[in-house]
Amino acid sequence: MGRSLAEAESPEKTPDAGASDARKAGFEVRLANFTGPFDLLLGLISKHKLDITEVALATVTDEFIKYIRRLQELGEDWALDEASEFLVIAATLLDLKAARLLPAGEVEDEEDIALLEARDLLFARLLQYKAFKQVAGLISETLEQEDRRYPRQVALEGHFAALLPELVWRHTPQQFAELAAKALKPKDAAPAEVGLDHLHAPPVSVKEQAEIIGYRLQRGAPLSFRALIADAETTLVVVARFLALLEMFRDRVVAFEQAGPLAELTVRWSGDVAEWDSSNLSEEYEETSEGTASD
Amino acid sequence: MAEAGLAELETLPGGARAALEAVLMVIDEPATSEELAAGLNVTVAVVEDLLQDLQREYSGYTVKAPDVDAVGFAVASSAPRGFELRNVAGGWRIYSRSDFADIVGRFVLEGQTTRLTQAALETLAVIAYRQPVSRARVSAIRGVNVDSVVRTLTQRGLIEDSGNDPESGAVLYRTTSYFLERMGIGSVAELPQLSPHLPGLEGIDEYYDASRM
Amino acid sequence: MAEAGLAELETLPGGARAALEAVLMVIDEPATSEELAAGLNVTVAVVEDLLQDLQREYSGYTVKAPDVDAVGFAVASSAPRGFELRNVAGGWRIYSRSDFADIVGRFVLEGQTTRLTQAALETLAVIAYRQPVSRARVSAIRGVNVDSVVRTLTQRGLIEDSGNDPESGAVLYRTTSYFLERMGIGSVAELPQLSPHLPGLEGIDEYYDASRM
């Protein structure tokens, strides 16, 4: 446990390192038995030596996203599953970051409750993951100790083997061949299918969603976030539009207005229409969505 | 009839105890006390007494007489033997004593298992504590895809297919008796409790069952 | 150096005698005293002394003290054990004692079926078509651990050891003439071609070699 946490921290040890150093850091992560987003999250949380609190989560969220970005800068090829799991966690963390902005006490909106539930679910999953990591350690120790004992498993002495009743044999060579064909057929021969089942939603491109938002806002009138996502069919589209807005805000083509906490968030176009193009968006989220689409 | 069996055994050199030992010499997987009793034609209670006697004797705990040192060979027979009798995976079987693992390992190369990766261990842990369980659920708990690891664990004989989930139709996995053997335990109930590692999460099972993925 | 080895063994519980016992208890093939000496890192003379001690002890001939009957447990420990150490064709191995052959035989027969299990049949099929082949490879093809099934097939005389893989050193298995007899064919070449049943079989070797563990 302790070991893997230390390993998960390794990417943080080389902030702003040169290209070769950064590549090395990424490479170390792969070698360090890092087994997925939960591992990394646990590592980040323990690094901040805090309980899993909202405050820690905000920091952790930033670092998690930084980590993803660094991996992408390195041009790491992600496995499809890994990438989609990261995307799910990243989206959850962004939700949680948003939930942190909620005032304590009066939580009435169903969406807010959903956010809090998402947070609790993430905590629960992380704690559970941690527990299994610990018992995996115990199992490993036991297996190692037990490996030091060898069972007596010798072949039956000849005179006992001779006592065994004659086998009943009903297979013709042809039937036997069919049996062999069945036994020799590769199992799980289609790894291409593996792991796609859990992708419930079709891939959504942040870039595409940015274009939709851009088109709507460039017509002039400011729109509420609620209005911008009114036609979103799935949560994934909502997440993608939210991410797109963050990107567009960073590029200073949109501005946000909000009267107070929990008040309607109004989005206004502020950029130079001629200059902006969705292809200017950083590749941060795009690579994974494209990967999803092309696979 | 079982009593007649015992009387018959006692006429042989070494008696019922030696007869049981002779049978233990030819088994190649753990044998239950019922199977052993049937084979020896004695009651299960008799076999269990004998098994415990042998187990203690092999471990060198039989010395009770105060004048052991007076009798040269008695000292030798009270020392632990090179092997032990263990009750694992619901049955009894003879193993070499772990103190001699390095030496025995030089003779028994095959069958020695390579170590499991961290990913395989964690997946095995989830399956052991949540069985019967689908790959999707293990995957959700571990946060990564576990398909290839599940394949490896199946090949190693540590887990097996235990039918399909009646609702989703997904294949469910459980640990095998070989897993119990490798762990040196009688049943999965003997695995260390998970809850001490899961502080304040008593309700998580229900939560997972409700939001099952 | 061999003397240092003996001193080291004597620090273990049960000493060199127990170490030798540990090895003898789990080896399947008889081992020569030279092999045993090398594995234990002691001289051949030491091993031979120990072997004779063990052989006598297992046969219940260690009773030398005149006052044996005075010490309850000593009688038990001087009785023959259910196993014996035999020197067969130059090699040593532990066998069940022949006095108990009837009982052991009854136990072996108990629960024995006259038919091979599906798992055994499929494993036999894989070996028949891929021979000579190692257990590891059969296991990879079948997707499960095949150790005990291979033992059963060997016991049944359907397959046999055909030497070791020059690369990995793993034991390779092939079918026997008894298998041909049961199949009613003259040679393995007469087994029906697989291709009609398994289109694209050409690539299968590469597939398995690639995914080999």
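Below, the figures for the structure above:
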item	result
Test: C:Thr123 is within 14 Å of chain B (Cβ to nearest Cβ) and at pLDDT 90 or above	yes
Near pairs, Cβ below 9 angstrom, 6+ apart or cross-chain, from the stretch A:161-178 (more than 7 Å from every other protein chain (Cβ to nearest Cβ)) to any residue that is part of a loop (DSSP other than H, G, I, E, B) and charged (D, E, K, R)	A:Arg170/C:Arg115
Qualifying position, being more than 8 Å from chain B (Cβ to nearest Cβ), surrounded by 15 or more Cβ atoms within 10 Å (Cβ to Cβ) and modelled with pLDDT under 90, among C:Ala136, C:Ala128, C:Ala89, C:Ala70	C:Ala136
Enumeration of residues in the stretch C:166-187 that are in contact (Cβ under 8 Å) with a residue 12 or more places away in the chain and exposed (fewer than 15 other Cβ atoms within 10 Å of the Cβ)	C:Ser168, C:Tyr178
Residue count for the stretch A:135-164, restricted to those that are outside any loop (DSSP other than H, G, I, E, B), of a type outside the set (Phe, Trp, Tyr) and crowded, with 17+ Cβ neighbours inside 10 Å	8
Residues that are within 14 Å of chain B (Cβ to nearest Cβ) and among the basic types (Lys, Arg), drawn from the stretch C:95-120	C:Arg97, C:Arg106
All positions within the stretch C:136-156 that are of a type in the set (A, V, I, L, M), farther than 17 Å from A:Ala155 by Cβ and assigned to a helix (DSSP H, G or I)	C:Ala136, C:Val138, C:Ala140, C:Ile141
For C:Ser162: the one exception among (1) more than 13 Å from chain B (Cβ to nearest Cβ); (2) within 30 Å of B:Ile159 (Cα to Cα); (3) at pLDDT 90 or above	(2)
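The values are calculated or read from the model by the stated rules, or taken from the named source; none is laboratory data. Remember, it's a predicted structure, so these values are computed and weren't measured experimentally. In this analysis, Cβ positions are derived from the backbone assuming ideal geometry, glycine residues included, and neighbour counts consider all displayed protein chains.
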